[in-house]
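Notes follow the structure.
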Amino acid sequence: MNGFPQVTPAAHVVPLGFAGGQADAMTGFYSQTVDRVVGVILSFRTASQHGGRGLADLEATIEAVIEALAGWAPGGESGVFRAARGGIVKAEAGLLVYQ
């Protein structure tokens, strides 16, 4: 096995850490927002293996992930998911990986 998903398209959700927001210190009380960051990793075989549909499938899947997650909140949690950025992270050996 080469470590690539054997069946595509494939999606994985991975924790990426956290990002600190604006700090606020007033009258001796300190607070700071902290956003937990997760990545959604999408893997696709290249267009040549999908009869020219590869990029169209990629765009449709990216849009579906954004529509499903942006504004969603897990039950009982405060705050909602928001999209921050996206882009191709790897393209090799017939596989395109988008995060």
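Go through the range 1-39 and give me each residue that's closer than 20 Å to Leu58 by Cα and either under 17 Å from the mean Cα position of the chain (by Cα) or in contact (Cβ under 8 Å) with a residue 40 or more places away in the chain (or both).
Filtering the range 1-39 for residues closer than 20 Å to Leu58 by Cα gives 4-14, 38-39.
Correct list: Phe4, Pro5, Thr8, Pro9, Ala10, Ala11, His12, Val13, Val14, Val38, Gly39.
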Report summary line: For the range 75-97, the count of residues that are touching a residue at least 12 places away in the same chain (Cβ under 8 Å), surrounded by 11 or more Cβ atoms within 10 Å (Cβ to Cβ) and basic (Lys, Arg) equals 0
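Based on what the data block shows, is Asp57 part of a strand (DSSP E or B), at pLDDT below 85 and either open to solvent by less than 80 Å² (accessible area, probe 1.4 Å) or touching a His at 6+ places or on another chain (Cβ under 7 Å) (or both)? Spell out the reasoning first.
On the way: part of a strand (DSSP E or B): no; at pLDDT below 85: yes; either open to solvent by less than 80 Å² (accessible area, probe 1.4 Å) or touching a His at 6+ places or on another chain (Cβ under 7 Å) (or both): yes.
The answer is no for Asp57.
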Query raised in the report: Within the range 27-41, can you find the residues that are out of contact with any helix residue (DSSP H, G or I) (no Cβ under 6 Å at 6 or more places or on another chain) and in a strand (DSSP E or B)?
Result: Phe29, Tyr30, Ser31, Gln32, Thr33, Val34, Asp35, Arg36, Val37, Val38, Gly39, Ile41
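The values are calculated or read from the model by the stated rules, or taken from the named source; none is laboratory data. For clarity, every value in this text was computed on a predicted model and none was experimentally measured. A quick note on method: Cβ atoms are made from the backbone with ideal geometry, for glycine too, and the neighbour counts reach across all protein chains shown. Just the protein is used for accessible areas: all its heavy atoms, side chains included, with ligands, DNA and RNA removed. Shrake-Rupley method; radii C 1.70, N 1.55, O 1.52, S 1.80 Å.
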